[in-house]
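A.B. asks: The following block contains the structure, expressed as structure tokens.
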Amino acid sequence: MKAHDDRIVLCGGIRTPIGHIAKSLASVSPEHLMTMTINALLAKTTLYPQAVDGVMVGWVGQGSHAPNIARICVLMSHLPDKAHAVTLQANCVSGMEAISSAARHIVMGEGEVYIAGGTESMSTFPYAIRGDRSMKELRSLDMVRKNWASLLDHEGIGVVDCIEEGLNDPVKNLNMAATAEVCAQMYSVDRAAQDAYALETFRRALAAEEKGFYATHSVSVVEHEKTLLEKDEYPYLREGLVRKPEMMAKAPLLFEGPNFTMKEFYDLYGEHIEGKQYIPDQTKASITLFNSCARSDGAAAVIVASEKRAKELNLEILGEIVSWGYWGNNPAHMGVAPVFATALALERAGISFDKLDSIELHEAFAATCLSIFKVGREKYGHYWESKWKDAKLNPNGGSIPLGHPLAATGTRIVLNALYQMKQKPEIRYSLAAACAAGGLGGAMIIKKYS
């Protein structure tokens, strides 16, 4: 096999509007969301379906109803049967890893044109029966139905919410919101700072929508000739926060209340809060639903191709992939992993942080973004906060106002970077970066094509 030495380019992309969990897109399966996105991408660009060598799809909530969802989407879309198909799961960087995987296939000479992206329907995450089939109650579906009324009375059998189970780290045994509070405590990021960050990113997202930024790379979700969603749903569900900022302060704290206290939080997770101890009447909780990203549904995709093939197909080249980096850290400190992934990507690209003209950072929580600002400065002298203040970081808002359809987010932030680059001639280098459950961080550096 001969390695390919051509430049790897990104040739346009598209996404669905992001739907809030259990709302407008709740009835649409992840495979249908992705199939719609692929067909919309073919319709938007000059890409000839037969030219597609493969499809790489990230999907976090993988279920048995759509085994290898990438292949299901190939067969349901206008793509040829011959196209290779790979489904990836790397939690919240899955959509970015799909792009990296497509690039690796091109570099290794396996193909020259790929569609890469991510899809998620958190609204359709199931509840699952946990237990093994050695128990007679679980040996068949008929036995499950027969014993349904008394099923949970049996030791070793339980029912779980797959969303809550999937958002809990099984090694460190804490959920994603708890990892954000750990970072907030470690890096002294108080609630006021988090709420201020969240309010500003809401403002930016609403302004971007009004200016038509997201309309440049999104497509309405239509089923049975009925339009289900035309634009991102969550910013308008929370639009009142921008008009009445005082509402931010009224959001209940996740880790302080009548049934759970910060003292208990420190008892459970204090081993991960390095350098800090619980101090009565001084230690304050900070994470709320308003300064966190929302559970969501949606899909996104982008064309990844060799430069030579992109030109042959007359594709609009928006950017060149310069480098990427993935980095693992303590899952309890998941939110700051992008700091280290970015340092790796910059080293591979041979450029410094100050050369980045634009940054798209996944906003899992305001606490994790503000922690990244501190850790990046202290570890590497990278001034993330300055980029934020200059509106060079998430100038069009991020995951807090838009929502977070898990595997789709890694692709969404790359699309934001590409279309911001297209609108702003002065942008030469852009960074897309995200954290992921399990303590993973991903970063991709894109250069304006010339």
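A.B. asks: For the chain, give the share of DSSP beta bridges that are antiparallel, in percent and rounded to the nearest 5; count only bridges with both residues there.
C.D. replies: Numbers: 48 of 66 bridges.
Around 75 percent of the beta bridges assigned by DSSP in the chain are antiparallel ones.
A.B. asks: Take ALA3 and ARG377, extend 7 Å from each Cα along the Cα→Cβ direction, and tell me the distance between the two endpoints in nm.
C.D. replies: 4.0
A.B. asks: Taking only DSSP H segments of four or more residues, each worth -39500 (n - 2.57), what value at 222 nm results for the chain once the sum is divided by all its residues, to the nearest 500 deg cm²/dmol? Show your work: numbers first, answer last.
C.D. replies: Numbers: 16 runs with 155 residues, N = 450.
Taken over the chain, the calculation gives -10000 deg cm²/dmol.
A.B. asks: Can you list the aspartates and glutamates whose alpha carbon sits under 16 Å from that of LYS276, skipping same-chain ones fewer than 8 residues off?
C.D. replies: Those aspartates and glutamates meeting the cut-off are GLU181, ASP190, GLU264, ASP267.
A.B. asks: Would you please give the FRET efficiency between THR227 and LYS136, computed as 1/(1 + (r/R0)^6) with r the Cβ-Cβ distance and R0 = 41 Å, to the nearest 0.05?
C.D. replies: On the way: r = 49 Å, r/R0 = 1.19.
Step by step, r from the Cβ atoms, then E = 0.25.
A.B. asks: Could you rank the peptides 5-15, 129-139, 387-397, 226-236 by their average count of other C-beta atoms within 10 Å per residue, with the highest value first? Let's see the in-between values first.
C.D. replies: Values: 5-15: 22.5, 129-139: 13.3, 387-397: 19.6, 226-236: 18.1.
Packing proxy ranking, top to bottom: 5-15, 387-397, 226-236, 129-139.
A.B. asks: Report the gain in length on full extension from TYR48 to LYS276: 0.36 nm times residue separation, minus Cα-Cα distance, nm rounded to one decimal.
C.D. replies: Values: separation 228, 0.36 × 228 = 82.08 nm, distance 5.73 nm.
My answer for the length gained is 76.3 nm.
A.B. asks: Comparing GLU312, GLU97, GLU164, which has the greatest mean-square fluctuation in the GNM of the chain with Cα pairs linked when under 10 Å apart?
C.D. replies: Of GLU312, GLU97, GLU164, the Gaussian network model singles out GLU312 as fluctuating most.
A.B. asks: Sorted by average packing, counted as other Cβ atoms within 10 angstrom per residue and highest first, what order do 65-72, 274-281 take?
C.D. replies: Working: 65-72: 18.9, 274-281: 10.2.
Ranking the peptides 65-72, 274-281 by packing returns 65-72, 274-281.
A.B. asks: Ignoring ligands, DNA and RNA, what accessible area per residue does the chain give at 1.4 Å, in Å²? Before the final figure, lay out the partial values.
C.D. replies: Working: 18880 Å² over 450 residues.
Here the residues of the chain average 42 Å² of exposed surface.
A.B. asks: R0 = 45 Å: FRET efficiency of ALA22 with GLU316, Cβ-based, nearest 0.05?
C.D. replies: Details: r = 37 Å, r/R0 = 0.81.
Using R0 = 45 Å, I get an efficiency of 0.80.
A.B. asks: I would also like to ask the following. Search the structure for amide H atoms under 5 Å from the amide H of ASN175, placed 1.01 Å from N in the peptide plane, and list their residues when 5 or more places away or on another chain.
C.D. replies: When sequence neighbours closer than 5 places are left aside, the close amide H contacts are ASP169.
A.B. asks: About the Cα centre, and with charges only on the beta carbon of Lys, Arg (+1) and Asp, Glu (-1), how big is the dipole of the chain? Nearest 20 debye, please. Let's see the in-between values first.
C.D. replies: On the way: 46 positive and 51 negative charges, 159 e Å.
For the chain, the charge dipole is close to 760 debye.
A.B. asks: Which cross-chain or sequence-distant (5 or more) residues have an amide H under 5 Å from the amide H of ARG428, H modelled 1.01 Å from N in plane?
C.D. replies: Amide H to amide H, under 5 Å and 5 or more residues apart or across chains, ARG428 pairs with ASP357.
A.B. asks: Quick query: amide H of SER323 versus all other amide H atoms, modeled in the peptide plane; which residues come in under 5 Å with a sequence gap of 5 or more or a different chain?
C.D. replies: ILE445
A.B. asks: Further question on the same structure: Of all accessible surface on the chain at a 1.4 Å probe, what whole percent is carbon and sulfur?
C.D. replies: On the way: 9550 of 18880 Å².
Carbon and sulfur atoms account for 51 percent of the accessible area of the chain.
A.B. asks: State which entries of LYS211/LYS374; LYS23/LYS146; LYS284/LYS374; LYS44/LYS211 exceed 25 angstrom in Cα-Cα distance in the structure shown. The partial results should precede the final answer.
C.D. replies: Working: LYS211/LYS374 32 Å; LYS23/LYS146 33 Å; LYS284/LYS374 19 Å; LYS44/LYS211 21 Å.
The answer is LYS211/LYS374; LYS23/LYS146.
A.B. asks: Charges at C-beta only: +1 for Lys and Arg, -1 for Asp and Glu. How large is the resulting dipole of region 44-146 about its Cα centre, in Debye rounded to 20?
C.D. replies: Values: 10 positive and 9 negative charges, 106 e Å.
The calculation lands at about 500 debye.
The values are calculated or read from the model by the stated rules, or taken from the named source; none is laboratory data. All values reported here derive from a predicted model rather than from experimental measurement. Positions of Cβ are generated from backbone atoms using ideal geometry, with glycine treated the same way; all protein chains shown enter the neighbour counts. Side chains included, ligands, DNA and RNA excluded: accessible areas come from the protein's heavy atoms. Shrake-Rupley method; radii C 1.70, N 1.55, O 1.52, S 1.80 Å.
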